[in-house]
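Quick note: the coordinates plus some simple rules give every number you see, no bench work behind them. Everything numeric here is computed off the predicted structure, so don't read it as measured data. Here the Cβ positions follow ideal geometry from the backbone for every residue, glycine too, while neighbour counts run over all protein chains shown.
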Amino acid sequence: MPFGAAVTIAPGPQPWRHAMSLFSRVVVFGLAVVLAPRLLAQEVAWTDIRGLGVEGRGFEKTKSFFDRLPEASEKLVRPPVWSLSQDSAGMCVRFVTSATTLHARWTLRRQRLALPHMPATGVSGVDLYVRDEKRRWRWLACGFPTKSPTNSVRLVGGIPRGRREYMLYLPLYNGVTSVEIGVPAGQSIDKAPPRPASHSKSILFYGTSITQGACASRPGMTHLAILGRRYERPVINLGFSGNGRMEIELADLLAELDPAVYVLDCLPNMNAQAVAARVEPFVRRLRKTRPTTPIVLVEDRSYADSFLVTGKRKRNEGNWRALTIAYQKLKQDGVVGLHYLPGANLLGDDGEATVDSSHPNDLGFMRQAEALSKVLGPLLKTAK
């Protein structure tokens, strides 16, 4: 090689460059993991539904906001009734927004998300409806619970811009400590217009697991929710699974409220002897405070297998006889405003309306709503 010629040195391995590249990737990934949730959270503006007005809360002085019985009743009712009163069955919130995407975030009280015969969507989920251009309530989305305590989901997206009224139903067989609705940042949520005075009074149901909502696939599919939408009224759900027994302390609690109508549907948790012993005192106690509010006495539905299972058929028939006798005695004694709904065809006669011969499926709840409408429709037209 001539003296003074340029010498080219081939680059050798440079492990430090590789290390720096790897380090940079790790840093970027780490920042993404840390910052992404925050960035996403910043994109959603959350509104606590307590500020929007929650329907279905009969009592104001509750231990927890979403309880169904007043705090003072904890020492009056049996422990199972109190525990079940912490489920948010029947509660919903109406709101107005022009948001193009809707989210829900809710915190559950119980770890159990589902029941053996009832899906998590009904037990612990939230259910969204919207008014269409004809002002009909239409189902829109369901919030699937996947964990406890807190779930956060996008309910629906891609909605055309436009101001609409929505209604979100809360879980049936789980309680909640908080519920929030989310919209894209910069968009707003407002209270829905108040119900007109003619429709401000509620339909109050007192009953059993069926009243509470077993086994609807989602909260908006119970007969109570269906009737609330149909008659454009708030609904109070005082169904207590296995514990709707017409106990006198519940009559006193019901009398504290001033609904358009009382619907008493407790026979599935009672036998003929209990019906004979408890129905008359319960109704008389209620009438002392609410002398004119309509009261609907509902027979228990036929068990779906009672056409073949003799014991269940006899149980139905015994309960029906006992309730008929109590109803007739009350009428003879001058108790006014009583109405009666037979149970034989509440769920139809084809055996397709339950999940276990007792609890309605969605078809059963639709049929039960239709049967109740025949009594409630005329009553609500004249309700004061």
Treat the count of other C-beta atoms within 10 Å as a stand-in for reagent exposure and order LEU52, LEU323 from fewest to most. LEU52, LEU323
Computed helical MRE - 222 nm, the chain, DSSP H runs ≥ 4 contributing -39500 (n - 2.57), nearest 500: -10000 deg cm²/dmol
Specify whether the C-alpha gyration tensor of the stretch 112-248 places it in the rounded, prolate or oblate class, a ≥ b ≥ c being the square roots of the eigenvalues: rounded for a/c under 1.5, otherwise prolate if a/b is larger than b/c and oblate if not. oblate
GNM result for the chain, Cα springs below 10 Å: residue of THR310, THR146, THR324 fluctuating most strongly: THR310
With just the Cα atoms of the stretch 259-334, tell me how far they stretch along each of the three principal axes, in Å, largest first. 43, 23, 17
At what distance in nm do the modelled label points of SER373 and THR289 sit from each other, each positioned 7 Å from its Cα along Cα→Cβ? 3.2
For a quick check, take a GNM of the chain with Cα springs below 10 Å and name the residue from PRO234, PRO259, PRO196 with the largest mean-square fluctuation. PRO196
Determine the dipole magnitude for the stretch 196-384: charges of +1 sit on the beta-carbon of Lys and Arg, -1 on that of Asp and Glu, nothing else is charged, the reference point is the Cα centre, and the result goes in debye to the nearest 20. 540
If each part is reduced to its alpha-carbon centroid, the stretch 77-126 and the stretch 234-301 end up apart, in Å, by 24
Among PRO193, SER358, PRO119 - extreme Cα towards positive end, dipole of the chain, charges at beta-carbon: PRO193
Ordering of 133-140, 201-208 by packing [mean C-beta count within 10 Å, highest first]: 201-208, 133-140
Would you kindly state how much longer the chain becomes between ASN271 and ALA114 on full extension, computed as 0.36 nm times their sequence separation minus their alpha carbon distance, in nm to one decimal? 53.7 nm
What is the projected area of the convex hull of the Cα atoms of the chain, averaged over all directions, in nm²? 29.3
Distance cut-off 22 Å, Cα to Cα: go down the list LYS134/LYS191; LYS288/LYS384; LYS201/LYS288; LYS288/LYS374; LYS201/LYS374 and report the pairs above it. LYS288/LYS374
Most fluctuating residue of ARG68, ARG109, ARG301 in a GNM of the chain with Cα springs under 10 Å: which is it? ARG109
DSSP loop GluC sites (Glu not before Pro) in the stretch 303-384 with at most 14 other Cβ atoms within 10 Å of their Cβ, which ones? GLU352
Give me the dipole magnitude in Debye, nearest 20, for the chain about the Cα centre, with unit charges on the beta carbon: positive for Lys and Arg, negative for Asp and Glu. 520
Gyration tensor on Cα atoms of the stretch 196-384, a ≥ b ≥ c root eigenvalues, a/c under 1.5 rounded, else prolate if a/b beats b/c, else oblate, says oblate
Which length gain, in nm to one decimal place, applies between THR177 and LEU338 when the Cα-Cα distance is subtracted from 0.36 nm times their residue separation? 54.2 nm
Starting with the fewest neighbours, write out ASP350, ASP362, ASP300 ranked by other beta-carbon atoms found within 10 Å of each beta-carbon. ASP350, ASP362, ASP300
Within the stretch 196-384, percent of DSSP bridges classed antiparallel, to nearest 5: 5
Under the definition of Cα pairs under 8 Å and six or more residues apart, what whole-number percent is the relative contact order of the stretch 196-384? 25
Of ILE295, LEU341, PRO281, farthest towards positive along the dipole that unit charges on Lys, Arg, Asp, Glu beta carbons give the stretch 222-376: PRO281
I need VAL96, VAL298, VAL336, VAL126 ordered by Cβ neighbour count within 10 Å, fewest first. VAL336, VAL96, VAL298, VAL126
